[in-house]
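Reading through the structure tokens given below for one structure.
The values are calculated or read from the model by the stated rules, or taken from the named source; none is laboratory data. Everything numeric here is computed off the predicted structure, so don't read it as measured data. Every residue, glycine as well, gets a Cβ built from its backbone with ideal geometry; the counts of neighbours run over all protein chains shown. Side chains are part of the model used for accessible areas, which takes the heavy atoms of the whole protein and leaves out ligands, DNA and RNA. Shrake-Rupley method; radii C 1.70, N 1.55, O 1.52, S 1.80 Å.
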Amino acid sequence: SMFCVGDHVSWHCPLDNSESRVQHMLMGEDPQLGNVETPNGLVQFVQIVGITSEELRATQHWNGVGVLDIIRRLPG
């Protein structure tokens, strides 16, 4: 399978086997690698972002890129 920016994966358990609320994945553009033009076409590097069930619902009802933009602007 190919993942694109904005795609999501419902995992339904903590990604690190802890008690974390981060239980799903959202694909974002990798901020360091970005996109690379090759002789065979464009390669877009994707970064996996862990998200909560609330953020997953927002992604499903709206869009992943919009949710990523909101997450990116939250204080750190």
When you check LEU15 against the structure, is it at negative phi and either basic (Lys, Arg) or part of a loop (DSSP other than H, G, I, E, B) (or both), yes or no? yes
Going by what's in this entry, would LEU56 be described as touching a residue at least 12 places away in the same chain (Cβ under 8 Å), surrounded by 11 or more Cβ atoms within 10 Å (Cβ to Cβ), of a type in the set (A, V, I, L, M) and in contact with a His (Cβ under 7 Å, 6 or more places away or on another chain)? yes
Residue pairs meeting the criteria (Cβ under 6 Å; at least 6 apart or on separate chains; first over 15 Å from GLN47 (Cβ atoms), in segment 4-26; second among the small types (Gly, Ala, Ser) and open to solvent by less than 50 Å² (accessible area, probe 1.4 Å)): PRO14/SER20
ILE71 passes all but one of the listed conditions (1) hydrophobic (A, V, I, L, M, F, W, C); (2) within 13 Å of the chain's Cα centre (by Cα); (3) part of a loop (DSSP other than H, G, I, E, B); the exception is number (3)
Would you point out the residue of segment 23-44, among those that are open to solvent by less than 80 Å² (accessible area, probe 1.4 Å), out of contact with any Phe, Trp or Tyr (no Cβ under 8 Å at 6 or more places or on another chain) and modelled with pLDDT of 95 or more, that is nearest to HIS61 (Cα to Cα)? LEU26
Out of all the residues in segment 59-69, which are open to solvent by 30 Å² or more (accessible area, probe 1.4 Å) and without any contact (Cβ under 8 Å) to a residue 12 or more places away in the chain? HIS61, TRP62, ASP69
